[in-house]
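Read through the structure below, which is laid out as structure tokens, and then see the notes.
The values are calculated or read from the model by the stated rules, or taken from the named source; none is laboratory data. Just so you know, these numbers come straight off a predicted model, no measurement behind them. So basically every Cβ, Gly included, is an ideal-geometry build from the backbone, and we count neighbours across all protein chains shown. In case anyone asks, the SASA skips ligands and DNA or RNA and just uses the protein heavy atoms, side chains included. Shrake-Rupley method; radii C 1.70, N 1.55, O 1.52, S 1.80 Å.
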Amino acid sequence: MKNTGSCLCKKLSFEVEKLQGPIGHCHCKMCQKFHGAAFSTFVEVKRSDFNWLSGEELLSSYHADNDTIRSFCSCCGSSLLFESKYNRSGSTIEIALAIFDSIEVIHADAHIYTESKVDWFDINDNLPQHRQYRT
Ligand SMILES: [Zn+2]
Ligand SMILES: [Zn+2]
């Protein structure tokens with residue numbers, strides 16, 4: 001089964017052959033700002049498994065001071081992709097999980113960067129919690 005996703009305005013769409021993982025709920029400050037939410041959920045995939053179906057030319061990027069790149073749709077602003085130097089050296093990319101329209105059955109495996117979790121959200125599941133990145 002193919003995993004497919006799109007942004008809010010639907011101009012950008014993509015497919016992913018295989019969702020490799022890991023899948024983390026990230027509570028870092030940058031994810032909170034980028035998503036406008038308590039935390040982000042990204043799935044890591046191999047670059048070679050990721051293909052644009054439409055709208056790639058609308059992708060805009062924000063290159064942060066910590067050398068991470070966050071990409072979003074320049075039409076509707078949807079948060080789409082994340083990559084760090086570790087992703088670049090491993091030829092992987094991370095995709096915001098909530099933008100998938102069709103997806104295989106998968107689950108997040110951890111909460112990360114809980115040291116900056118917002119006070120107005122309580123973690124009520126039994127997933128491992130890491131104060132920073134996975135150890
Ligand atoms: Zn869009
Ligand atoms: Zn984060």
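Using 0.36 nm per residue of separation minus the Cα-Cα distance, give me the extension gain between Leu8 and Ile69 in nm, one decimal.
Going from the current span to full extension adds 19.9 nm.
Over the chain, what percent of the accessible surface lies on carbon and sulfur atoms, probe 1.4 Å?
Whole-percent figure for carbon plus sulfur exposure: 51.
Within 10 Å of each candidate Cβ there may be at most 16 other Cβ atoms; applying that plus a DSSP loop requirement, which GluC sites (Glu not before Pro) in region 78-112 survive?
Here the GluC sites (Glu not before Pro) that fit, given the DSSP loop and packing criteria, are Glu104.
Whole-Hz ³J(HN,Hα) for each residue in region 101-114, computed from phi via Karplus 6.51 cos²θ - 1.76 cosθ + 1.60 with θ = phi - 60°, x for glycine and proline: what do you get?
Couplings: 9, 9, 8, 5, 6, 9, 9, 5, 10, 6, 9, 10, 6, 5 Hz.
Measuring from the lowest to the highest alpha carbon on each principal axis, how far does the chain reach, largest first, in angstroms?
If we take the Cα atoms of the chain, the spans are 38, 31, 29 Å.
In µm²/s, what is D for region 61-127 at 20 °C and 1.002 mPa s, where D = kT/(6 pi eta Rh) by Stokes-Einstein and Rh is the Kirkwood radius from Cα pairs?
In µm²/s, the coefficient is 148.
With springs only between Cα atoms under 10 Å apart, run a GNM on the chain and tell me which of Asn124, Asn87, Asn51 wobbles the most.
Asn124
Going by amide H atoms built from the backbone, whose H comes under 5 Å of the H on Leu8, apart from near neighbours?
Sorted by chain and number, the residues that satisfy this are Ser78.
What is the distance in Å between the Cα centres of region 72-112 and region 1-56?
Between the Cα centre of region 72-112 and that of region 1-56, the gap is 3 Å.
So, by mean Cβ neighbours within 10 angstrom, what's the order for 15-23, 53-61, 37-45 with the highest one leading?
Going by the mean number of other Cβ atoms within 10 Å, highest first, we get 37-45, 15-23, 53-61.
Give me the 1.4 Å probe accessible area per residue for region 13-135, excluding ligands and nucleic acids, in Å².
56
May I ask for the percentage of alpha-carbon pairs in region 1-76 that lie more than 13 Å from each other?
Counting pairs separated by more than 13 Å, the tail of P(r) holds 73 percent.
Rank Trp120, Trp52 by accessible area, highest first, at a 1.4 Å probe radius?
So, going from the largest accessible area down, we get Trp120, Trp52.
If contacts are Cα pairs under 8 angstrom and at least 6 residues apart, what is the relative contact order of the chain in percent?
Rounded, it is 29 percent for the chain.
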